[in-house]
1. Looking at this structure, is residue 425 of a type outside the set (Ser, Thr, Tyr), over 29 Å from residue 191 (Cα atoms) and open to solvent by 60 Å² or more (accessible area, probe 1.4 Å)?
2. Specify which of the listed residues (134, 152) is under 25 Å from residue 283 (Cβ atoms) and among the small types (Gly, Ala, Ser).
3. Regarding segment 267-286, can at least one residue be identified that is of a type outside the set (Val, Ile, Thr), in contact with a Phe, Trp or Tyr (Cβ under 6 Å, 6 or more places away or on another chain) and at pLDDT 95 or above?
4. Condition (residue is more than 29 Å from residue 459 (Cβ to Cβ), in contact with a Leu (Cβ under 6 Å, 6 or more places away or on another chain) and surrounded by 15 or more Cβ atoms within 10 Å (Cβ to Cβ)) applied to segment 236-243: is it met by at least one residue?
5. Return the only residue of 470, 525, 497, 532 being of a type outside the set (A, V, I, L, M), surrounded by fewer than 23 Cβ atoms within 10 Å (Cβ to Cβ) and closer than 22 Å to residue 378 by Cβ.
6. Within segment 500-522, take every residue that is among the aliphatic types (A, V, I, L, M) and open to solvent by less than 20 Å² (accessible area, probe 1.4 Å) and give me the one that is nearest to residue 415 (Cα to Cα).
7. Hey, could you check segment 277-309 for residues that are over 17 Å from residue 161 (Cβ atoms) and of a type in the set (Asp, Glu) and say which is surrounded by the fewest Cβ atoms within 10 Å (Cβ to Cβ)?
8. For residue 538, state whether it is in contact with a helix residue (DSSP H, G or I) (Cβ under 6 Å, 6 or more places away or on another chain), open to solvent by less than 40 Å² (accessible area, probe 1.4 Å) and over 21 Å from residue 428 (Cα atoms).
Amino acid sequence: MRMLKGKFAAGFPCLVFLLVVLTGCVPLGAQTDERYGIDESKNVMVAMRDGVKLATDVYRPARNGQPVEGKFPVLLMRTPYNKVDGVAIADYFVPRGYVVVLQDVRGRYKSEGRWRPLVDDLNDGFDTATWIGAQPWSAGKIGTMGSSYAGATQHALAIANAPYVEAMIPRNAMSDFGRYGVRHNGAFELRWFNWVFTLGNATGTPNATSAAARAASVLAATTALVDMGTQVREYVRSLPLRPDTTPLKFAPDYEAWLIEAMSHGDYDAFWKDAGASVVDHLTEYKDIPEYETTGWYDSWGTQVANLNYVELRRTKKSLQRLIVGPWIHSNENHSYAGEAQFTEDAALDLSAFSLVWFDHWLKGIDNGVDREPPVRIYVMGGGDAHKTPEGRIFVGGHWRDEQQWPLARTAPTPYYLHANGVLAPDKPADSPPITYLFDPRNPVPTLGGNVSSQGTLMFQGAADQRCRLDFWLCSDTKPLSARNDVLVFQTPPLTGDIEVTGRLIVKLWAASNALDTDFTAKLIDVYPPNADFPAGVDLNIADSIVRARYRNGLGKAELLQPGEPYEFTIEMYPTSLVFKRGHRIRLDISSSNFPRFDINPNTGEPLNNNRRWQVAENTVYLDTKHLSQIILPVIPAEKTGTSAGGSGER
């Protein structure tokens, strides 16, 4: 039996985000009086239908060093990231009357079998839930937890219609990843290259009996894999990746999946049936209460908010909830994202937040969670832009309850691109197009954004769009706007606050002299100079890309007719932000954002199999017949229920 240390275990901090503010519920202490000790059973090998055994840790309520007889609701997390890292969940929930089950997914850490990302989690999740339901300590009610990949395993449980599962909290969940997340409008998100090259952070882990250690036939091969993981930057600069050409050949399951994912652009069964494509399996998806969480700078924000929540609420009878904070991936307990600082209440107490949800659905406690507004969002902006002691810019913001997502009162407002670099609601006059050179050997560096699993490739969240010498892709400190291959369109300084909350869609008329190329879009909040930031700040809000061969949809690639103008749709990740009076709204158009996305060689060769590079002449049209624009989801100020954009102190 293990004793708890402190009121809350490390890894699940209780922050200043008060539960009463979030839910309107009574204090948690009034819901659960008795506190239990913890009995733990490590590495219980649970057999799957094919005989493969998965390592499973079981934590049960205990008294006087012995498990308590009786049945309890169960919280399950299935993870590729080493189940022992989830012990804080047990530390918090078991004393409050839950059994906690943590499991290494197939082929990872202590579990047997071969790793195939999420494909086996449908059956393995179903079989694990069946096993839990048959245990004498199980009350036959399972709630599921976990972030990122461990959020995807929850979606796999629901797609498989696993028994006993009655409530879920898929945080920042990997899902629909042939659309966004792994492939992205046809491009490839290179954070997954880093993920695989470090074997999902399992390479060299002392207790890893799978992954690299299992795949390697000799110790030297494992050493080579570890060393390979330290050279990700060099490898992404020398793409494409071909079989048996790097030490990744010593981990063949990882190599095979990565090469296929980088080579497979068409959106077909490879992506749709990969185990966590919610929108492609709505019919099979179990109808259960679900609370989805994501952040405006999360790497899975589009899938969680714009796809999964919208479609599940439309098709399911069970309660669906959504909370979106200003967070980067899996950092709900922070009140900042990269270089942007928000109000202190932006941080979420994950443990208390989850307890209220599961107490209601698994224990039947009437704590009011079913009467909350369905959507809660953090509206960024409104702060005074001072520099914090940590060197961040104070963006500010406030929480707001909503009845739907996207918001019904949204006024989709086109802002048009003008030849003189102006971004405005007025349509442009006829003007000649702008042509720029896109050299794949000199890509636009990624400075922040909706990334995760990025390792040393890039940094997450909000960032001033100026190069810095400590970033490996920058050789100077010039702003990205000074590059000749970045087209900048911005409003004059705003005369009043403008709130933008919802989907961000660019309609770009463009052409190329190449058979294939990319077009990128980035939305930026331009801060005026102040005493702390004499040059102002160009703060990234959202970005995206489209690979030209997928301009007509992800189902089938179609190369360009050189010189022919096409309309490209580029949907960025959603946001909620007040562009404050005196700021500018800016849209940058280019053809690369590296290493967030892989670089298009412009040759039209098969994906991940090019031998040539070509400098492309890319052209953006700005005339009355080709209205290039960004459609901003403007929220009318008089209907927000607060001052326009808020003060950042609410």
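1. yes
2. Values: 134 fails: under 25 Å from residue 283 (Cβ atoms).
Just one listed residue meets the conditions, 152.
3. No, because not a single residue in segment 267-286 is of a type outside the set (Val, Ile, Thr), in contact with a Phe, Trp or Tyr (Cβ under 6 Å, 6 or more places away or on another chain) and at pLDDT 95 or above.
4. No, that holds for no residue.
5. 497
6. For segment 500-522, the residue satisfying everything is 506.
7. 292
8. no
The values are calculated or read from the model by the stated rules, or taken from the named source; none is laboratory data. All values reported here derive from a predicted model rather than from experimental measurement. We place every Cβ from the backbone using ideal geometry, glycine too, and count neighbours over all the protein chains shown. All accessible areas refer to the heavy atoms of the entire protein, side chains included, with ligands and DNA or RNA removed. Shrake-Rupley method; radii C 1.70, N 1.55, O 1.52, S 1.80 Å.
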